[in-house]
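Everything below concerns the one structure shown next.
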Amino acid sequence: MDERLWSAAAAVLTGNDAGGWTRAAPQLYPHQWSWDSAFVAVGWAHLSVPRALTELRSLFAGQWANGMVPHIVYDPAAPAEAYFPDAARWGTGVAAAAPDRPTSGICQPPVHALALAHIAEVADRARGTAGRPGVPNSGAAGPAGARGDVEAVDAALTELYPKVLAWHRYLATERDPQGSGLVSIYHPWESGTDNSPRFDAALARVEVGDLPPYRRRDTGHVADPAQRPSDTEYDRYLWLVELLRRAGYADDRIAATHPFVLKDVLFSAILVAANDALGRIAARIGAPAADRAAIAGWRDRGRAAVDACWDPRLRLCLDQDVRAATPVRCRTVAGFAGLVAGGDRRSELVAELTSPRFAGDPRMRWPVPPSTSPADPAFRPRTYWRGPSWPVLGWLLWRSLGEHPAAAALRAASLEQVRTAGFAEYVEPFTGEPLGSPDQSWTAAVTLDWLAAG
Ligand code: 9WN
């Protein structure tokens, strides 16, 4: 165990702890983000199981009445100018379940059930090994603490299970009225990979109308604004927000009229993995058979649909642009959706992941997946999701690889990367330069999990 790296990662989570929830980053992202929060809970589990559970509880306090978990739960105490768009810009008071907790009006990939199942595994493991030196989260808790952790997990599973189920049901119905197994997104921010070239064509078709004026805050928090999305992209992002707001965040209206609707293959694959995890949770708490059948049905339907997005020429799974009725032909990390969903393309996808088009590019400082392939014409090594590597996505793929030998290599390379680049939001893949925000919570969280797996 690398004690120094462990303490440094723990210090990032503690430093970003806002008391019951964790800022995604100290300056750039001073609120609670949905999928960040799930990854962060994976890390917290190794420091404190109760704290990890609190992270998810506080996020789900912002869940909407229709089941949607919003992509940002705002900190009303943060200054309004800390981040844009601020809560007021979304005007979501009408739709939110808890209007006292201001939220955005869109969502992000559903990593939460994975996090919940992971916390339960960590607590179970600690109970089995309580007090053994060198086992993370065992010495601190001790035998009584470890038993208490498992009790806390059981209580939290009972409380959170119906909320997570409602979240998955929302995605499987409102976001997939066709029952295709693929989830529709209405905004690039919903993918979590905001300015990926996956969205270029669909975004280019969005004609910006009468956009209320705004001032960006993000570019003031990074060393070089070129690391962030462009102003043209921001205008379109804000126009899509405006259209969603005008549609009252009503899924049926949005599905019928919104100019940006994409079947996001990575989001859909994460939902498959999350349904797998939710199925295990449902079995553990003795949930009704009808729930368990629904969850298994969503999982199997999603897995088959992600496999059907396989493109034999690019050797990746592709998003489907609903408005253009075409697959989105570009080489990005989202193409490994089939690995995340656990379908039939595993060996081809591992070969592609380690090929010179991705982690095996000889120019790579460490063999970790870049967000966009250097072989894609849109590749930019320093620009946000257009090339830099994001440790958190490396973690998602690592986890999906299971016992495959490529997993150990990816973990080792990722740990080397964080040792050198620190807990950066993203990293220039050839030089290893840290980019975006320093002390990004989810980078520290996945580091803890990689270390605990050693
Ligand atoms: C918009 C918080 C979030 C992540 C996203 C990442 C970035 C926000 C932004 O930061 O998005 O949601 O302002 O760029 O793209 O994945 O959840 O870390």
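Throughout, read-outs are computed from the coordinates displayed, never taken from laboratory work. From a predicted model like this one, the values you see are computed outputs, not experimental measurements. As a convention, Cβ positions derive from the backbone with ideal geometry for all residues, glycine included, and neighbour counts pool all protein chains shown.
A few points about this structure:
- Convex hull volume per residue in cubic angstrom - Cα atoms of the range 278-386: 146
- Computed log₁₀ I(q)/I(0) - Debye formula, equal Cα scatterers, no solvent, the range 234-274, q 0.14, 0.17, 0.29, 0.33 Å⁻¹: -0.41, -0.58, -0.92, -1.00
- Helical content of the chain, expressed as a calculated mean residue ellipticity at 222 nm, amounts to -15000 deg cm²/dmol (DSSP H runs of 4 or more residues, -39,500 (n - 2.57) each, divided by residue number, nearest 500).
- Max-minus-min Cα coordinates of the chain on each principal axis give 61, 50, 46 Å, with the largest extent listed first.
- For the range 143-160 versus the range 346-405, the spacing of their alpha-carbon centroids is 37 Å.
- For the chain, a crude dipole built from +1 on the beta carbon of Lys and Arg and -1 on the beta carbon of Asp and Glu, taken about the Cα centre, is about 500 debye to the nearest 20.
- Taken over the range 368-454, the ratio of Cα radius of gyration to 2.2 N^0.38 Å equals 1.02.
- Our Cα-only numbers for the range 197-262 put the radius of gyration and Dmax at 13.4, 41 Å.
- In a simple Cβ point-charge model (Lys, Arg +1; Asp, Glu -1; nothing else charged), the range 236-316 has a dipole of about 120 debye relative to its Cα centre.
- Inter-label distance, nm, simple model (7 Å from Cα along the C-beta direction), ALA325/ASP344: 2.6
- Comparing Cα centroids, the range 167-238 and the range 282-333 end up 20 angstrom apart.
- Per residue Cα convex hull volume in Å³ - calculated over the range 1-118: 101
- Neighbour net charge for VAL322 - beta-carbon separation under 13 angstrom, K R +1, D E -1: 0
- Charge context of TRP298, other residues only, Cβ under 12 angstrom, K/R +1, D/E -1: +2
- Taking all pairs of distinct alpha-carbon atoms in the range 277-340, Kirkwood radius in angstrom: 13.5
- Note: relative contact order over the range 1-58, using C-alpha pairs below 8 Å and six or more positions apart, is 27 percent.
- Debye log10 I(q)/I(0) for the range 308-454, one point scatterer per Cα, at q = 0.09 Å⁻¹: -0.26
- Net charge of the neighbourhood of PRO370, taken over other residues with C-beta under 12 Å away and scored Lys/Arg +1, Asp/Glu -1, is +4.
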